[in-house]
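Undergrad: Take a look at the following structure, please.
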Amino acid sequence: MTGQVKEDILSRFGELGVRIQNGVMYFDTSLLKETEYLEAPANFEYFNVMGEKNSLPLTKDSLAFTYCQVPIVFSKNKGKVCIDVSYTDGQKKTFQASGLDSDTTLELFSRNNVIEKIVVSI
């Protein structure tokens with residue numbers, strides 16, 4: 001990967017509002033443009049940490065990307081910011097804030113196939 005490609009990737013994560021501070025992942029979507037959200041439902045295809053191809057259905061007014069090969073979905077709602085973490089064992093954890101905790105962030109960075117997806121309702 002060239003330096004320019006790395007810089008473009010890092011800039012894009014900044015535009016998407018992904019911030020890491022003191023070992024915790026935060027989301028600040030204030031730089032996102034309205035035109036980046038889907039105008040109609042669609043499928044998001046990605047490769048998980050096991051290298052398997054997956055498809056995730058997305059609704060109108062959402063967008064998705066992967067971070068450490070875990071899909072992160074931004075979904076517009078009219079309530080408070082809320083983060084739902086779905087685990088591969090079927091469990092879920094909800095954060096009523098704009099960030100994860102340090103343990104969940106570490107699980108994401110570990111690429112250990114523990115986290116299935118993260119949905120950020122904004």
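The values are calculated or read from the model by the stated rules, or taken from the named source; none is laboratory data. Because the structure is predicted, anything quoted here is derived from the model rather than measured. For accessibility, only protein heavy atoms count, side chains too; no ligands or nucleic acids. Shrake-Rupley method; radii C 1.70, N 1.55, O 1.52, S 1.80 Å.
Undergrad: Could you report region 32-122's accessible area per residue, 1.4 Å probe, as an integer in Å²? Write down the numbers at each step before the final one.
TA: Details: 5280 Å² over 91 residues.
Per residue, region 32-122 has an accessible area of 58 Å².
Undergrad: Expected output is a single nm value to one decimal: the length gained when fully extending between S55 and L31, i.e. 0.36 nm times separation in residues minus the C-alpha distance. What is it?
TA: Taking S55 through L31 to full extension adds about 6.0 nm, to one decimal.
Undergrad: I'd like the carbon and sulfur percentage of the solvent accessible area for region 48-122, probe radius 1.4 Å, heavy atoms only, ligands and nucleic acids excluded.
TA: 48 percent
Undergrad: Using the Cα gyration tensor of region 30-71, with a ≥ b ≥ c the square roots of its eigenvalues, what is the shape: rounded (a/c below 1.5), prolate (a/b larger than b/c) or oblate (neither)?
TA: Values: a/c = 4.29, a/b = 1.65, b/c = 2.59.
Here region 30-71 falls in the oblate category.
Undergrad: Specify whether the C-alpha gyration tensor of the chain places it in the rounded, prolate or oblate class, a ≥ b ≥ c being the square roots of the eigenvalues: rounded for a/c under 1.5, otherwise prolate if a/b is larger than b/c and oblate if not.
TA: Values: a/c = 1.12, a/b = 1.03, b/c = 1.09.
Because its axes are fairly even, with a/c under 1.5, the chain counts as rounded.
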